[in-house]
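Take a look at the structure set out below.
Bear in mind these aren't lab numbers, they're just calculated from the coordinates by the rules spelled out. Source: prediction; values computed, not measured. Note that each Cβ is placed from the backbone with ideal geometry, even for glycine, and that neighbours are counted across all protein chains shown.
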Amino acid sequence: MAVRAVRGAVQLERDEAGHMHERVEELLTAVLTRNGLTADDLISIWFTATPDLHSDFPAAAARRIGIADVPLLCAQELDVAGAMPRVVRLLAH
């Protein structure tokens with residue numbers, strides 16, 4: 001069986017848990033839909049967030065839309081000067 005990965009990113013307007021959930025849910029749904037995937041196809045998802053986001057874990061949004069049996073991991077992006085602020089990225093396998 002071949003293993004593939006898909007990625008995506010979203011920029012948040014503000015660091016607020018409810019807003020993060022909405023935007024990450026939209027991102028994850030769009031990535032799965034555009035790639036013809038369901039939760040049963042997933043091995044794992046890595047989420048990263050820029051250092052200015054700390055209101056919640058991006059993975060909490062995945063759990064809220066029913067992705068319950070997939071290992072999820074959150075990490076912080078490098079704090080690089082001039083980088084785009086308030087960004088959540090995902091890499092799904």
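Odds and ends about this structure:
- Longest DSSP-loop-exposure-free segment, GluC sites (Glu not before Pro), the chain, at most 15 other Cβ within 10 Å: 17-93
- Think of the chain as having a plus end and a minus end, set by charges on the Cβ of Lys, Arg, Asp and Glu; of Val88, His21, Ala39, Ala39 sits farthest toward the positive end of this dipole.
- In this structure, the amide hydrogen of Gly8, modeled 1.01 Å from its nitrogen in the peptide plane, lies closer than 5 angstrom to those of Leu90, counting only residues at least 5 positions away or on a different chain.
- Our coupling estimate for the range 3-14, obtained by passing each phi through the Karplus curve with A = 6.51, B = -1.76, C = 1.60 and θ = phi - 60°, is 10, 10, 10, 10, 9, x, 8, 9, 9, 8, 7, 7 Hz, Gly and Pro reported as x.
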